[in-house]
Amino acid sequence: MTPSPRSKFAALCALVLLAATGTPAAQQKNMPNSNSWSGVIINSNCTVDEAFAEAAKCTEKTPLGGKLSLYADTARLVLNLDPQDQAAGHLGDMVTVEGTLAGDTIHVASIKPLAGIGLSVGQKAPAFSAPDQFGKQQTLDTLRGPNGTVLLFFRSADW
């Protein structure tokens with residue numbers, strides 16, 4: 001018996017949720033090996049929870065002597081930036097920071113506005129394989145329904 005489109009959609013949603021809930025720990029573990037991080041430039045006196053809730057204080061004008069940080073939302077981390085000069089003028093902006101990570105500080109090589117996330121409308125999704133909530137490997141082909149495939153990815157606010 002072949003799975004119905006509805007059960008395929010439910011499996012995909014569970015797959016996405018599993019990937020989303022496993023992401024922070026995996027990214028935190030992999031961050032030292034990485035050389036770029038995306039997120040929002042915030043005031044360094046803003047906590048992770050305040051940044052996650054998009055509190056106004058996180059993007060208010062930096063007080064004299066205040067510092068800026070990167071809130072890496074997919075990893076739910078606030079990372080210090082050194083030096084600060086490239087972050088100036090980007091408060092509240094979505095950016096990609098390139099550099100090296102030492103502890104909780106990124107030694108900044110460059111900061112660029114975030115160009116875009118994900119696929120453009122109509123662009124074909126790349127091949128993938130990932131386990132669903134039952135441990136079964138899912139791919140674009142296994143999720144394809146009689147009228148094609150729609151992949152919907154979202155970020156859950158409930159970590």
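The values are calculated or read from the model by the stated rules, or taken from the named source; none is laboratory data. Worth saying up front: this structure is predicted, and the values here are computed from it rather than measured. Surface areas here come from the heavy atoms of the whole protein model, side chains and all, with no ligands, DNA or RNA. Shrake-Rupley method; radii C 1.70, N 1.55, O 1.52, S 1.80 Å.
Which of the three applies to the range 57-159, rounded, prolate or oblate, going by the alpha-carbon gyration tensor with a ≥ b ≥ c and a/c under 1.5 meaning rounded? Verdict is prolate for the range 57-159. Over the range 40-82, accessible surface divided per residue gives 52 Å², non-protein components excluded, 1.4 Å probe.
Taking the 1.4 Å solvent-accessible surface of the range 72-128 as the whole, the part contributed by carbon and sulfur is 56%. If you sort the three axes of the alpha carbon gyration tensor as a ≥ b ≥ c, you get a/c of 1.5 or more for the range 45-84 and a/b no higher than b/c, which makes it oblate.
Shape analysis of the range 95-142 based on the Cα gyration tensor places the equivalent ellipsoid semi-axes at 33, 19, 7 Å, largest first.
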